[in-house]
Amino acid sequence: MASPSVTVQAEQITMFFKSGQQEIPILKNINWKATRGTIQLLMGPSGSGKTTFISILAGLLTPTQGQVYLLGQEITHLSRQKRTAFRREHIGFIFQNFNLFPALTAAENIEIILNMKGVKKEQARYQAQELLQQVGLHLYANQKPKDLSGGQKQRVAIARALAGSPCLIMADEPTAALDSQSGYQVTELLKHLAKEKGCTVLIVTHDPRIQDVADHITYLEDGRLILPN
Amino acid sequence: MVSLARKNLLEDIPRFLVAQAGILFAVTLVTIQLGIFSGFSKSTVKLIENSNADIWVASDTLVQLELTLPVPVSELIKARKMPEVARGDGLIFSGAHWFPKEGELVRVRIIGFNPQSSLYQPETVLEGSVSNLTEPYTAMIDIFDQNTLQVEGIGDQLQMSSLPVEVVGMTEGNTSMISNPFVLMSLKNANAYLRAGQTSQINCQLPEKGSQLECINMFHPEPDDQATTIEPNIEPRNLAASDVVTFILIKAESGQDLSALKDKLEQKLNNVKAYTKEELINITETYWQQRTGIGLVLGLGTVVGIVVGTVVVSQILYSSVSDHLKEFGTLKAMGASAGMIYRIIIEQAVWMAIFGYLPAMLLSFGVAYWINSSQGTLLLITPTSAIAIFVITMAMCIGSAIFAIQKVNRVDPAIVFKA
């Protein structure tokens with residue numbers, strides 16, 4: 001069982017994908033953990049298993065073997081509904097391509113997640129404005145994603161990830177599609193989440209700019225950890 | 001809650017309009033088919049609906065309103081004498097030939113009734129008066145049959161069977177989609193036209209000593225050289241006991257048990273069967289809907305409309321969900337429950353149903369008005385059928401969402417981490 005400060009812990013994670021009769025190993029016996037208020041970087045070449053690993057940590061994939069503890073809760077053996085509810089409650093997501101809903105405004109993109117978490121309409125509207133203010137985009141609340149720059153979209157995505165104050169933030173290449181200025185702003189925001197809000201921020205990235213703010217860097221290669229923390 | 005369904009739907013307006021056009025077409029098709037079906041059903045029984053009679057007495061051979069044998073007037077006289085009967089009138093409903101000024105002979109339906117009685121009154125008299133029908137050899141026609149019968153207006157003199165006829169009035173709504181044009185006239189006149197070119201003979205016999213006399217009316221066409229048996233300058237006579245009517249309309253004394261009165265009429269009168277208004281409507285509608293191909297054809301059209309609508313909506317929803325698959329994946333990853341995802345898709349289907357239904361109903365009402373005013377054909381959209389079509393549209397759209405839901409169910413939320 002993980003100690004209270006350990007928010008994410010992976011034990012002996014092994015993952016195979018089936019391809020016809022063959023079983024292809026993706027992750028091999030990985031042990032890993034992250035503590036509260038830290039920024040964890042997961043790096044490695046393409047095909048090293050980073051995406052599979054973060055998907056397992058987020059409860060989106062079930063490993064072939066091993067367990068994942070999030071906030072002390074073992075999630076790999078939870079039912080799909082319970083894992084979904086756990087993600088809704090405790091995890092915020094940030095994606096490389098932002099994954100904003102194009103038909104919704106910046107504020108509505110946040111409101112819908114708050115609604116999903118049970119926040120009522122008026123309260124959700126108010127909280128969405130506050131979150132946009134935190135990422136410096138309150139003046140863009142009524143803009144649709146197509147009217148925002150890449151950096152602005154990612155800041156909206158960060159605000160959305162913060163909706164409902166989750167303890168864990170999982171980000172997949174959050175700065176990959178951004179120019180240096182926007183990348184810097186996003187990095188600062190992620191640092192703020194970890195240091196000021198006490199979130200555990202797990203980032204899958206190739207971007208060396210983020211390395212400066214990371215507390216721990218984990219390298220994956222051929223499904224194995226190279227430098228476990 | 002933010003309506004992702006509605007926003008997704010309205011995001012691309014041209015695409016939305018094309019999609020809605022498909023639903024509009026399907027709903028309009030269903031509405032028009034059902035409207036024609038209802039209008040057709042109603043038109044077959046309009047004659048019955050226009051009567052105030054409590055009971056219709058007909059020959060016991062009756063199959064439906066237009067398929068029955070006549071009843072002797074002697075039975076009408078017997079019925080009138082019954083204390084439970086407040087009023088009894090004859091109604092003649094029979095075929096005749098109309099001779100337009102030019103062109104081909106037209107088969108018409110004579111409706112002979114008592115113009116001074118309220119037991120049957122024609123619908124909407126536009127010109128002239130029902131009281132004019134008491135004049136000899138006069139008739140009223142429906143305005144939508146004016147061209148068919150080549151009547152220019154009131155006062156026109158034409159020929160029906162072998163007798164002259166003067167048009168003294170115009171009505172509206174006295175047509176049937178399956179019947180020949182209706183020619184409305186007094187019972188006396190109707191009787192004269194029925195007997196024109198025919199001789200009648202009544203044969204009576206006493207089957208057993210002490211039993212009731214049984215009479216049968218026999219009609220024979222006159223030989224051609226004697227075809228006109230009634231002089232047009234002689235006023236039609238009142239109906240005699242030996243004449244026949246098609247129906248006996250009965251108004252019961254107030255407080256009478258109609259079921260008991262029906263039984264009593266069937267006992268007292270010879271070879272008849274009595275029906276309440278609703279029973280005769282039901283028998284006639286059922287006959288046309290089930291024993292002819294018309295009900296099947298119109299019903300099939302409705303089914304085709306529903307199938308087309310379901311296919312169109314399924315395709316639109318499926319394609320919409322496919323376009324927004326990553327968004328659904330994102331929602332699933334972020335913790336959206338299956339119920340929430342279903343609600344989004346079903347809400348989208350509901351909006352499509354509403355946005356498709358409203359213009360389709362407007363279009364259908366327009367088509368119904370146009371057909372009715374230009375052709376006299378009844379395309380009936382009642383509040384009940386409008387509600388039924390709304391329910392069908394909803395079921396069609398929500399049913400169509402099943403395929404889209406299956407597609408979303410298969411979405412792996414882990415796709416969110418694949419760039």
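The values are calculated or read from the model by the stated rules, or taken from the named source; none is laboratory data. Since we're looking at a predicted model, the values are computed, not measured. All Cβ positions, even for glycine, are placed from backbone atoms using ideal geometry, and neighbour counts span all protein chains on display. Keep in mind that these areas ignore ligands, DNA and RNA; they rest on the heavy atoms of the full protein, side chains included. Shrake-Rupley method; radii C 1.70, N 1.55, O 1.52, S 1.80 Å.
Got at least one residue in the range A:184-203 being within 30 Å of A:Q73 (Cβ to Cβ), at pLDDT 85 or above, hydroxyl-bearing (S, T, Y) and in a loop (DSSP other than H, G, I, E, B)?
Looking through the range A:184-203, none of the residues is within 30 Å of A:Q73 (Cβ to Cβ), at pLDDT 85 or above, hydroxyl-bearing (S, T, Y) and in a loop (DSSP other than H, G, I, E, B).
Pick from the range B:302-324 the residues that are open to solvent by less than 30 Å² (accessible area, probe 1.4 Å) and within 14 Å of chain A (Cβ to nearest Cβ): which of them is farthest from B:P413 (Cα to Cα)?
Per the criteria, the residue is B:S320.
Tally the residues that are more than 30 Å from A:N99 (Cα to Cα), open to solvent by less than 30 Å² (accessible area, probe 1.4 Å) and part of a helix (DSSP H, G or I), restricting the search to the range B:372-419.
Of the residues in that region, 5 qualify.
For the range B:298-340, name all the residues that are over 23 Å from B:I23 (Cα atoms), out of contact with any Pro (no Cβ under 7 Å at 6 or more places or on another chain) and of a type in the set (G, A, S).
Once the filter is applied, which keeps residues that are over 23 Å from B:I23 (Cα atoms), out of contact with any Pro (no Cβ under 7 Å at 6 or more places or on another chain) and of a type in the set (G, A, S), the range B:298-340 yields B:G335, B:A336, B:S337, B:A338, B:G339.
Can you name the condition, by its number, that B:E127 falls short on among (1) within 27 Å of the chain's Cα centre (by Cα); (2) assigned to a loop (DSSP other than H, G, I, E, B); (3) among the charged types (D, E, K, R)?
Going through the list (1) within 27 Å of the chain's Cα centre (by Cα); (2) assigned to a loop (DSSP other than H, G, I, E, B); (3) among the charged types (D, E, K, R), B:E127 breaks only (2).
Have a look at A:G37, A:G47, A:G20, A:G72 and point out the one that is touching a helix residue (DSSP H, G or I) at 6+ places or on another chain (Cβ under 6 Å), open to solvent by 10 Å² or more (accessible area, probe 1.4 Å), farther than 30 Å from B:E11 by Cα and more than 9 Å from chain B (Cβ to nearest Cβ).
That would be A:G37, the only listed residue that is touching a helix residue (DSSP H, G or I) at 6+ places or on another chain (Cβ under 6 Å), open to solvent by 10 Å² or more (accessible area, probe 1.4 Å), farther than 30 Å from B:E11 by Cα and more than 9 Å from chain B (Cβ to nearest Cβ).
Take the residues of the range A:145-163 that are under 15 Å from A:Q133 (Cα atoms), open to solvent by 10 Å² or more (accessible area, probe 1.4 Å) and over 13 Å from the mean Cα position of the chain (by Cα): which is nearest to the other protein chains (Cβ to nearest Cβ)?
Only one residue fits best here, namely A:K153.
Taking A:K82 as the residue in question, decide whether it is modelled with pLDDT under 95 and more than 9 Å from every other protein chain (Cβ to nearest Cβ).
yes
Would a scan of the range B:8-19 turn up a residue that is under 30 Å from B:D142 (Cα atoms) and of a type in the set (F, W, Y)?
No, that holds for no residue.
Looking at (1) farther than 26 Å from B:V244 by Cα; (2) assigned to a strand (DSSP E or B), which is the only condition B:P164 fails?
(1)
Within the range B:325-355, track down each residue that is at the interface with chain A (Cβ under 8 Å from one of its Cβ atoms), open to solvent by less than 40 Å² (accessible area, probe 1.4 Å) and either in a loop (DSSP other than H, G, I, E, B) or of a type in the set (S, T, N, Q) (or both).
Within the range B:325-355, B:T330, B:M334, B:G335, B:A336 meet the criteria.
Using the structure shown, decide if B:L62 is open to solvent by 10 Å² or more (accessible area, probe 1.4 Å), more than 14 Å from chain A (Cβ to nearest Cβ) and modelled with pLDDT of 90 or more.
yes
Test A:R160 against the criterion of being without any contact (Cβ under 8 Å) to a residue 40 or more places away in the chain, under 30 Å from A:K121 (Cβ atoms) and part of a helix (DSSP H, G or I), and give yes or no.
no
Here's the yes/no breakdown for (1) open to solvent by 30 Å² or more (accessible area, probe 1.4 Å); (2) touching an Asp or Glu at 6+ places or on another chain (Cβ under 9 Å):
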| residue | (1), (2) |
| --- | --- |
| B:E127 | yes, no |
| B:A139 | no, yes |
| B:N147 | yes, no |
| B:I154 | yes, yes |
| B:E166 | yes, yes |
| B:G169 | no, yes |
| B:E172 | yes, yes |
| B:T175 | no, yes |
| B:S186 | no, yes |
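May I ask you to list pairs of residues, at least six apart or on different chains, whose Cβ atoms are under 7 Å apart, with the first in the range B:381-393 being under 17 Å from B:V312 (Cβ atoms) and the second being open to solvent by less than 50 Å² (accessible area, probe 1.4 Å) and among the β-branched types (V, I, T)?
Correct list of pairs: B:I389/B:V27; B:I389/B:V30; B:I389/B:T31; B:I392/B:V30; B:T393/B:V27.
Would you mind stating whether A:Y219 is among the hydroxyl-bearing types (S, T, Y), assigned to a helix (DSSP H, G or I) and either farther than 18 Å from A:I39 by Cα or open to solvent by 10 Å² or more (accessible area, probe 1.4 Å) (or both)?
No.
Residue check: is A:Q123 more than 7 Å from chain B (Cβ to nearest Cβ), of a type in the set (S, T, N, Q) and in contact with a His (Cβ under 9 Å, 6 or more places away or on another chain)?
no
In the range A:177-190, how many residues are buried (at least 17 other Cβ atoms within 10 Å of the Cβ) and either more than 14 Å from chain B (Cβ to nearest Cβ) or touching a residue at least 40 places away in the same chain (Cβ under 8 Å) (or both)?
Adding up the residues that qualify gives 8.
Before we move on, is A:F86 over 30 Å from A:K146 (Cβ atoms), among the hydrophobic types (A, V, I, L, M, F, W, C) and open to solvent by 40 Å² or more (accessible area, probe 1.4 Å)?
no
Is it fair to say A:N97 is under 11 Å from A:A157 (Cβ atoms), within 18 Å of the chain's Cα centre (by Cα) and facing another protein chain (nearest Cβ under 8 Å)?
yes
Regarding A:I169, is this residue touching a strand residue (DSSP E or B) at 6+ places or on another chain (Cβ under 6 Å) and buried (at least 19 other Cβ atoms within 10 Å of the Cβ)?
yes
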